[in-house]
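What follows is calculated from the coordinates using simple rules that are stated; it is not laboratory data. Since the model is a prediction, treat every value here as computed from it, not as a measurement. Glycine also receives a Cβ, built like all others from the backbone with ideal geometry; neighbour counts cover every protein chain displayed.
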Amino acid sequence: MRNAKWRAATKAALALTGAAALAASMAMFLPGTASAGTTLGASAAEKGRYFGAAVAANRLSDGAYTTILNREFNSVTPENEMKIDATEPQQGQFNFTNADRIVNHARSQGMSVRGHTLAWHSQQPGWMQNMSGSALRQAMLNHVTQVATYYRGKIAAWDVVNEAFADGSSGARRDSNLQRTGNDWIEAAFRAARAADPGAKLCYNDYNTDNWTHAKTQAVYNMVRDFKSRGVPIDCVGLQSHFNNDSPYVSNYRTTLSSFAALGVDVQITELDIQNAPANTYRAVVEDCLAVPRCNGITVWGIRDSDSWRSEQSPLLFTSGGAKKAAYDAVLAALNAGGTTPPPTTAPPTTPPPTTAPPTTPPPTTPPPTGSCTATVSVNQWPGGFVANVRVTAGSSALNSWATTITLPSGAAVTNAWSANRSGNSGTVRFTNVDYNSQVGAGQTIEFGFQGTGTAGNLSATCA
Ligand code: XIL
């Protein structure tokens, strides 16, 4: 009896594996059959962006939850598992068990990970709450260094510092034990994070920073401007965007996004939820992000209403039963409709066309490859190792898949890659798209990265 059951289950599993393999190979040969535009992640990826969700490790064993997560999202943020109390419960003793569960799940699904958060006044372990002065400053910097080093190469963006400004009209820093170690604690944290993981984007993250007229928004803006002018390593600003009756969405939100972006940082909507999930407000938030080229991703703070930290407000895109809400449809429609790259504003050249006769050599008989691309590499090198970020840009036609090769100097080897499949680890290494970044619109760019040992030198990438 048990044997027959086991055989039936194995057969079902094999049939599934076969079907999945067939679907995968069909997707490779039949461009256009991919699911782009039918899920949040695929649609955002078409616009060169990600769509993420906050994930709780203890829900990964809930099949209904992971079904939605794996289908809809291409980025995750651990909801609590990377906070200081979770990762360093005793001073100097680190615990990455639950954070690793989320990171490993994300990587197995080709999703990127936002790290949240390295330095924060809240959710500190008891030992840290009791510290002050230079001992606390040292402990904070050690925490940043240890955690960012442990996850080096696996985190797309870190919320290095969370919620360091006060609410209300003061525009001042929030009082906290960290703030009392000296006003430069934020930039010290960013420098430590950059040294530990030079490949991760480093973000400042906060709430009530959505309304452009608010003192808190202006205060964060001024800090970011100051950091950029002094070369403090900051790459992005996270707007939590927890909207509710006390802190509503306002139409100047787009001004806030574009104003931060104009400082030369990416902008990410990091913890979106909206009381009662009005479809129109969700749509407006997505449209605002798509209107700002450097608004490169949106994360909702949970999947189903029952997963929300504010579940009584039913603020998310899926019902507690896992059904898509009207807000989901509005978000998907807005993602599919928007996000075209604005045309260049420079006037066309006024020089007359060249008068030389056209070349007499016949045109090549091989048609130009469809879906050609160009790729650039930037390398962050440290003694003995490096992280490379690669930007793949589609030519004048959209791509349904892409491949690029990079030749490493001898002695250099790739140890891991993200947002791409890889073959080879030294010499000429070939990288190809993963599911969620196969579709690249004409002129649009996607990014992937890899980490390696040895010295990379100046790398160049060739689209194949
Ligand atoms: C919240 C989590 O969702 C809850 O599970 C936890 O009890 C408290 O923290 N701003 C942040 C997030 O940056 O880390 C918070 O997450 C929500 C507000």
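Peptides 319-332, 207-220 ordered by packing proxy, namely the average of other Cβ atoms within 10 Å per residue, highest first: 207-220, 319-332. Length, then width, then depth: along the principal axes, the Cα atoms of the range 99-172 run 43, 31, 19 Å.
Cross-link check: pairs K47/K83; K83/K154; K216/K325; K154/K201 evaluated at a Cα-Cα cut-off of 21 Å; pairs beyond the cut-off: K47/K83; K216/K325.
Considering the dipole of the range 96-201 built from charges on the beta carbon (Lys and Arg +1, Asp and Glu -1) around the Cα centre, which of Q146, A119, G182 is farthest to its positive end? Of the options given, the answer is Q146.
Packing order of peptides 260-270, 119-129, highest average first: 260-270, 119-129 (average count of other Cβ atoms within 10 Å over each peptide's residues).
Arranged from fewest to most other beta-carbon atoms within 10 Å of their beta carbon, K154, K228 become K228, K154. Where q = 0.19, 0.22 Å⁻¹, what log10 of I(q)/I(0) comes from the Debye formula for the range 376-464, counting one point per Cα? Summing over Cα pairs of the range 376-464 leads to -0.78, -1.00. Ordering 240-249, 159-168, 49-58, 439-448 by mean Cβ neighbour count within 10 Å, with the highest value first, yields 49-58, 159-168, 439-448, 240-249.
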